[in-house]
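Engineer: Quick one: the structure is below, questions incoming.
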Amino acid sequence: MAQLQKVHGSMNQFFLLDQTELDSKLTQEQLVNLATHITDQNKGLLDGADGLLVVDDTDDDATLGSMQVINADGSIASMCGNGLRTVSRYLSEKFGQDEFSVQTQDAPLQVKREESFADGVPTFSVEISPVSFARETLPFDNLNTDTIVDQQLPELDDDLTFTAISVPNPHLISFVDDAVLDSDTLENLGTKLNGDNPYFYDGVNVSFAKIIGKNKLFVRTFERGVGFTNACGTGMSATSLAFCLNHPGAASFEEEITVYNPGGMVKTRVHDTNGEYHIDLIGNATVTNTVEIPEADLHASVLDNAEIAETGEQASYEKFVSAVRAAEEV
């Protein structure tokens, strides 16, 4: 029997598969088929998920393993901060190490176990990098600029200002008030820029952020390849950098920033080394369920014979989130 985990970071939910534990690894086509089937909200397992995290070997002796992120629509994400935390926990427990590197699509990234946010809420910190503002790394076109930092873009909206950052996932960020956050502006803009459009022609993650206080944000993201998610780790990281750059009176480099999201809360720390940036993303790595399934069924994306068990960790996470929301009234 093959084993998977249902995991989440800030309720950004995934299934996690370790290819190295299989008798025969799935092909890339089989992995994409599995991702689209198992994450389906109606026909998948456990009400679906936002994507599939694939753990595999790495050629780099300095890393413990590699991570591939396959979105629910079958597209490949460059990175996923929430997912990387859960992969970090998996590899930490598998190899008995608390600080190491994981190979992602674009770079090996440092990760480490942190002090738990609360009882029963395992917490990990992951490096978010490389960071770029360059047009070709996002990419975008037809906006009459090569970088977008706290700029109005009338092609996208008459009133909002935007910042565009790749980390390396592409993100478009705007700081908004409650009225805009509660409107359908984010959904409309996210849908527009992830369909056929002349601006972000490969799509882009769109985040709206509300400043709550000193080093405190609320962020909601329309994610490329997924739509609305409870949280987007790279989105919260990119937004934290934009927070430090665009609102220096409210946010500080090298200090912890608390970022609330519809799925809970994370902390970030933005580092500035002579204009070179990277971000620490700190948050939960929760395993809600274990799944056993015949390996042949896994290759064929047949889910009927899956055996599912709960871990009990979700209750601890929900208790933590309730306490956070009650304390901050968010």
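Where a number appears in this text, it was derived from the coordinates with a stated rule and is not lab data. As the structure is a computational prediction, the values presented were derived from the model and not from experiment. When we count neighbours, we look across all protein chains shown, and the Cβ atoms used for this are built from the backbone with ideal geometry, even at glycine.
Engineer: Per residue and in cubic angstrom, what volume does the convex hull of the Cα atoms of the stretch 17-74 have?
Structural biologist: Considering the Cα atoms of the stretch 17-74, their hull volume per residue is 90 Å³.
Engineer: Right, next: Using the crude model of +1 on Lys and Arg Cβ and -1 on Asp and Glu Cβ, and no other charge, please compute the dipole size for the chain relative to its Cα centre, in debye to 20.
Structural biologist: Dipole magnitude for the chain comes out near 560 debye.
Engineer: How many nm separate the modelled label positions at E29 and T191, each set 7 Å beyond the Cα in the direction of the Cβ?
Structural biologist: 3.4 nm
Engineer: Between E318 and L160, take the C-beta separation as r, use R0 = 35 Å, and let me know the FRET efficiency to the nearest 0.05.
Structural biologist: According to the calculation, E is roughly 0.55.
Engineer: Now for a separate question. Note the per residue figure in Å³ for the convex hull of the C-alpha positions in the stretch 215-330.
Structural biologist: So the per-residue Cα hull volume is 150 Å³.
Engineer: Here is a further query. How big is the Rg/Rh ratio for the chain, C-alpha atoms only, Rh by Kirkwood, two decimals?
Structural biologist: Rounded to two decimals, Rg/Rh equals 0.96.
Engineer: Run the paramagnetic zone check for Q97: 7 angstrom along Cα to Cβ, then residues of the stretch 65-79 with backbone nitrogen under 12 Å.
Structural biologist: 65-66
Engineer: Alpha carbons only, please: Rg and Dmax for the stretch 219-267, in angstrom.
Structural biologist: 11.3, 34
Engineer: Spin-label point model (7 Å from Cα, Cβ direction): what's the N42 to L22 distance in nm?
Structural biologist: Roughly 2.7 nm, to one decimal.
Engineer: Let me ask something else about it. Would you work out which of N261, N274, Q13 lies farthest towards the positive end of the dipole of the chain? Charges go on Cβ: Lys and Arg +1, Asp and Glu -1.
Structural biologist: Checked the options; the winner is N261.
Engineer: Over the stretch 243-288, what portion of Cα pair distances is larger than 17 Å, expressed as a whole percent?
Structural biologist: On the way: 396 of 1035 pairs.
Within the stretch 243-288, distances greater than 17 Å cover 38 percent of Cα pairs.
Engineer: Could you work out how far helix 81-95 tilts from the main Cα principal axis of the chain, as a 0 to 90 degree angle to the nearest 10?
Structural biologist: 40 degrees
Engineer: Can you compute the charge dipole magnitude of the stretch 98-192 about its Cα centre, using +1 on each Lys and Arg Cβ and -1 on each Asp and Glu Cβ, nothing else charged? Give it in debye, rounded to the nearest 20.
Structural biologist: Here the size comes out at about 440 debye.
Engineer: How many angstrom lie between the C-alpha centres of the stretch 260-330 and the stretch 146-197?
Structural biologist: The stretch 260-330 and the stretch 146-197 have Cα centres separated by 26 Å.
Engineer: In whole Hz, with x marking every Gly and Pro, tabulate ³J(HN,Hα) for the stretch 100-107 from phi via Karplus 6.51 cos²θ - 1.76 cosθ + 1.60, θ = phi - 60°.
Structural biologist: Coupling constants for the stretch 100-107: 6, 10, 10, 7, 9, 4, 9, 6 Hz.
Engineer: From the alpha carbon gyration tensor of the stretch 135-284, can you work out the equivalent ellipsoid semi-axes (sqrt of 5 times each eigenvalue) and give them in Å, largest to smallest?
Structural biologist: They are 22, 17, 14 Å, listed largest first.
Engineer: Still on this structure: Do the alpha carbons of any pairs in K6/K94; K214/K267; K112/K210; K216/K319 sit beyond 19 Å of each other, and which pairs?
Structural biologist: Numbers: K6/K94 16 Å; K214/K267 13 Å; K112/K210 29 Å; K216/K319 21 Å.
Distance filter (> 19 Å) returns K112/K210; K216/K319.
Engineer: Moving on. Under a Cβ-only charge scheme (Lys and Arg +1, Asp and Glu -1), can you give me the dipole magnitude of the stretch 135-284 about the Cα centre, in debye to the nearest 20?
Structural biologist: 480 debye
Engineer: Rounded to two decimals, what ratio of Rg to Rh does the stretch 106-165 give with C-alpha atoms and a Kirkwood Rh?
Structural biologist: Answer for the stretch 106-165: 1.21.
Engineer: Moving on to the next point. Under the rule of -39500 (n - 2.57) per DSSP H run of 4 or more residues, summed and divided by the residues of the chain, what mean residue ellipticity at 222 nm is obtained, to the nearest 500 deg cm²/dmol?
Structural biologist: The helix contribution divided over the chain gives -7000 deg cm²/dmol.
Engineer: Another question, then. Could you give me the radius of gyration and the Dmax of the stretch 52-145, taking only the C-alpha atoms into account and expressing both in angstrom?
Structural biologist: Answer for the stretch 52-145, Rg first and Dmax second: 15.3, 51 Å.
Engineer: Moving on to the next point. Work out, step by step, the length gained on full extension between M1 and T145: first 0.36 nm times the residue separation, then minus their alpha carbon distance; give nm to one decimal.
Structural biologist: Details: separation 144, 0.36 × 144 = 51.84 nm, distance 5.35 nm.
Extending this stretch completely gives an extra 46.5 nm.
Engineer: Continuing with this model, one more query. Connecting C-alpha atoms closer than 10 Å in a GNM of the chain, tell me which of S174, S207, S301 has the biggest fluctuation.
Structural biologist: Most flexible of the set in this elastic network: S301.
Engineer: Next question. Compute the length gained on full extension between H247 and T137: take 0.36 nm times their separation in residues and subtract their Cα-Cα distance, giving the result in nm to one decimal. Intermediate results must be reported in sequence, preceding the final value.
Structural biologist: Values: separation 110, 0.36 × 110 = 39.60 nm, distance 2.40 nm.
So the extension gain works out to 37.2 nm.
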